[in-house]
Every structure is written in C-alpha cells, then in structure tokens.
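A short reminder: the numbers here are calculations on the coordinates, not readings from a lab. Worth saying up front: this structure is predicted, and the values here are computed from it rather than measured. Neighbour counts are summed over all protein chains in view; Cβ atoms, including those assigned to glycine, are modelled from backbone coordinates with ideal geometry.
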Ligand code: MLT
C-alpha cells in the first residue's frame, strides 16, 4: 500500500483562511438577511489600474497573432521585467541588485512556501510569533518541525520570537541559533515594522551566526515612515545573508492575476555553493515561467501612469486602515499597526479569546476579521482587520464595532 507524506497529518485543521471562509459561509447561509462585511483575508477590492489593464489587453492581442505569440516564458522571467525590477525597485534605492538576481514567479506565497526545500532537511527555523502561517506550515510539510502541542499552540523544533505590545512588536535575537529566519516587514499580521537600525541588528546577527534571513516584503508599498527600509538590501551586509520576496498582489491588486518575484543575491553562499544556483535549478525544474501577459502587466506597474495609479490605490487602502485605527481607538480599543501597513491589529476585550471575538463580531456586528491566534500563540488576545475593503464598508464596519462598545 502506498504511504502518504505523514508530515501533512501533523497539521491541525485546515489553512487559517480556509477555516475562516468555511465559518463565514455557514453563517451567511443560515442568516441570509444579514449584510456581512469581510475584513478578514487580505484580498484587494479595487479593480486593476487602467494602465495595467491596457498593457494586459495589448499582450493578449499579441498572443493572438502568430508574429507576436509567446510560448513558454523564460523560467526565471523575461529580461524586460527583471531589468525594470532591478532598476526601479532596487538600484533606484541604492541597493546593489542586478537583473540576474531576480526570479519572477507566480506569487510570493508560492516562493515563501517553496524556498525551504533548497535548505537542509534538518535546518532550524525561527519565526516571529504571530506570523503569516505559510512559513511554519510549509516547514511542517517538509518534516522540519517536531510535534504540535495543542496547549501551547507551538511546534517543537521551531524557534518562536514573540512580538507583542510588551516588546513593541520587535523580535529579540533568539537564544538558540537558527539556520533560517523568517522576517515579514511590514509585518503580517501585526502591521508593525522594523527601523533601519533594528533591521541592521538582524543582518549583522545572521552574518555572524551563518543564518539566512527569508525576508518577506510583500507590503513594502504601504510604508509611510522615512526610517523604515523598503528592502533588506538597503542594509549593509544583506547580500551575504538575505533572500527577499516581493509581490504585486498588494501594491497593484494582482491577487487574482498572480505575479511576484524573489531576489537571491549571488553573494549568498554555503561554502562554494551559491544559493542562487540552487533556486535557479529548482525554478528551472519545477516552474515553467510566469505568463507573458502577466509579466507585461507588471511592466505597466513601473510606467509613469501605472505608478501614479497604484499610488492612489495604496492611498485608498491606507485611508481605510486609518479609519479603522482612528475609529477603534476612539471606541476605546487598543490598536496597533495601520501606519506602514494596511493591517490594523487590536487587542480583544478582556476575558475573550481571539476566536471568541471572531464569533462575537461575526454574530453581533456581521463583521469578519482574522483571529490573532491563527497566526501563532502570541497572537492570542489580538485580532486583525484589513484595510483592503471598500471605504464605505470599512466605515460601516467601524461604526458597527463602535456601537458594540456602547
Ligand atoms: C492574508 O490575509 O494574510 C493574506 O492575504 C494572505 C496572503 O497574502 O496569502
């Protein structure tokens, strides 16, 4: 009889956002007269910007013409896009990153989940707690974690770095030395960030102990404060210790289009082996290149019109985040994040767990958020609301939550 990968059986329940969707669907079916406002999953609601749509239409037309048709894309991405990324996202910020260090893919979630497989099976991972669930779950699937302890909500053989209001959501350097360190800045779910000085501590530490930082910068477009780096390569020393993930989902509304990229500097080495060569080998073997149409769409993200249009969209979502932050503060909640991020992170009322508050909010205000404990044990007692809804719905959700406080 064949055997399944038993590591999958260790995973509790379903993926966080699937669990939430199931709960919300059941509630909606049983309460068809209610208008539910969804501020749970970080999915965008604004249509793709006109300059990007125009580029996609043109690319679609090219695909319908024998003279301009494109088959398989180069597995690491089209040179036109890799060069534009290197120039605009990195060199323009003073980062020493070249086009051949960029790997275009179908999204940051896949890359964040897949990257672990090019590292040793016994690598020790360190994660911020709370954290985007993909980092831990993908390592569970690979057999890199021990067992799950229901009571503490932790996996053995994983280093958790608590990020709570008590430490201003800044992780401390771990006592035990990790091989792989996941950092998501601006952070999902807490919406908080690290300053240049704080990130430099991590870069120096990783270089000193020989660890790799897996840096998820999917939310960099939301940074508003000067002293928050947009890329880890703004920090000296990062080329020898960091891989960076970027996404077009949050800055350009590509959640349904699917495109992202990963940066692997050639200076990141294990002895004589470059990590770049392994990721290139993996990409070439398991990925056939992101579609021409979506890569042309991404090119429009870097055009003058595209840049202006997506800037407006980011501002729209940030207005929502601010409405949540200000409104809930006024209502007496403790709220964090929402300044360099579309996510607001709030303390749930005394005596409730994160899931209690999820049910309470769904039933009493018909508002959907994400329970903090779904992101890790230190998320217990917190709750995430996203600014990615429409402005009208966001304001209405805040009003409903304020009314609950009265
Ligand atoms: C989230 O809600 O945390 C994100 O939408 C998840 C993702 O980007 O995959």
Legend entry - Global geometry of the stretch 113-161, whether rounded, prolate or oblate, following the gyration tensor of its Cα atoms and the 1.5 cut on a/c: prolate
Legend entry - Computed [θ] at 222 nm, deg cm²/dmol, the chain (DSSP H ≥ 4; -39,500 (n - 2.57); rounded to nearest 500): -11500 deg cm²/dmol
Legend entry - Cα gyration tensor shape of the stretch 52-303, rounded if a/c is under 1.5, else prolate or oblate by comparing a/b with b/c: prolate
Legend entry - Ranked 212, 395, criterion: other C-beta atoms within 10 Å, fewest first: 395, 212
Legend entry - Residues 89, 267, 356, sorted so that the one with the fewest Cβ neighbours within 10 Å comes first: 356, 267, 89
Legend entry - Cα-projected label distance for residue 151 with residue 404, points at 7 Å along beta-carbon direction, nm: 3.1 nm
Inset, instruction - Return the distance in nm (one decimal) between the two label points of a simple spin-label model at residue 177 and residue 21, each offset 7 Å from Cα along Cα→Cβ. - result: 4.2 nm
Legend entry - Relative exposure of 155, 202, 355, judged by other C-beta atoms within 10 Å (fewest first): 355, 155, 202
